[in-house]
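Everything on this sheet refers to the single structure shown next.
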Amino acid sequence: MRLSETVPELGKNRPELAPDEEKKEAWLKKLAEFIVEANQNTWAADKGKVIPQRPGCKELDYEKGDWHLRDSYTGYFRAPGMTIIYYKGQPAWTMAYGGSGMEEDKYETTGPTFDFLKAALMKVTPQLPYRGPRNYKDGEYQYKLRVKGDLADFDGKEMIFKDKELVFSQLIFGGVVINKDSSKHPVYPWPI
């Protein structure tokens, strides 16, 4: 399946919603806004480092009101990880990332490449709150994000090119966590 270059903006071009759907959309909008704020206060900003709960991992943490982000990853040249957003103390959204990482013959450019990645991740918006923007260029570096789906259920790929040559790539996927009650009925993270 081919990854699309576009992701529907939250709430745009949608038919009128039922009351429960309106609550879901309002909650997703708040989630997107929190993801942006949290991302701008963790790895990309060199903030939020905490003592890891998992041996061998690096972890970042950011909290505001009912929202809490915990990001855990391991490695350096290839650094898979997972971000979990908690809402009112319960896991509500996740994003996993990983894959090739730095191209092995490009390890000497890792420092500048990751500095550029941090700059790209600081450009995240509530309309596209996954990693960075669809396209971002600065000097010899270019960042590209291809995503399909929406904030509730998505997958994609991010890539960095230096002088039009791929130097870094990884896959992303995630979405809303839907739990169950004692009768095995769905428990959604948004208010019903």
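Laboratory data are not the source of any read-out in this text; all were calculated from the coordinates shown. Just so it is clear, the model here is predicted, and its values are computed rather than measured. Reconstructed Cβ throughout: ideal geometry from the backbone, glycine too, with neighbour counts over all protein chains shown.
A few points about this structure:
- Fully extended contour minus Cα-Cα distance, from Y107 to E63, at 0.36 nm per residue: 12.5 nm
- Spin-label model, Q53/K29: points 7 Å from Cα along the beta carbon direction are separated by 3.1 nm.
- For segment 19-187, a simple Cβ point-charge model (Lys and Arg +1, Asp and Glu -1, everything else neutral) yields a dipole of about 180 debye relative to the Cα centre.
- Across segment 69-81, rounded Karplus estimates of 3J(HN,Hα) from the backbone phi angles (6.51 cos²θ - 1.76 cosθ + 1.60, θ = phi - 60°) give 10, 10, 10, 10, 9, 9, x, 9, 5, 10, 10, x, x Hz, Gly and Pro being marked x.
- Nearby lysines by direct alpha-carbon distance to K58 (threshold 18 angstrom, same-chain neighbours under 8 apart not counted): K47, K49, K118
- Relative to one another, the C-alpha centroids of segment 31-82 and segment 105-175 are positioned 17 Å apart.
- Counting beta carbons within 10 Å around each of H68, H185 and listing the fewest first gives the order H185, H68.
- Note on I192 and A119: with the Förster distance fixed at 41 Å, the Cβ-Cβ geometry gives a FRET efficiency of about 0.55.
- Over 21 Å apart at the Cα level, from the set K29/K144; K29/K64; K88/K148; K29/K88, are K29/K144; K88/K148.
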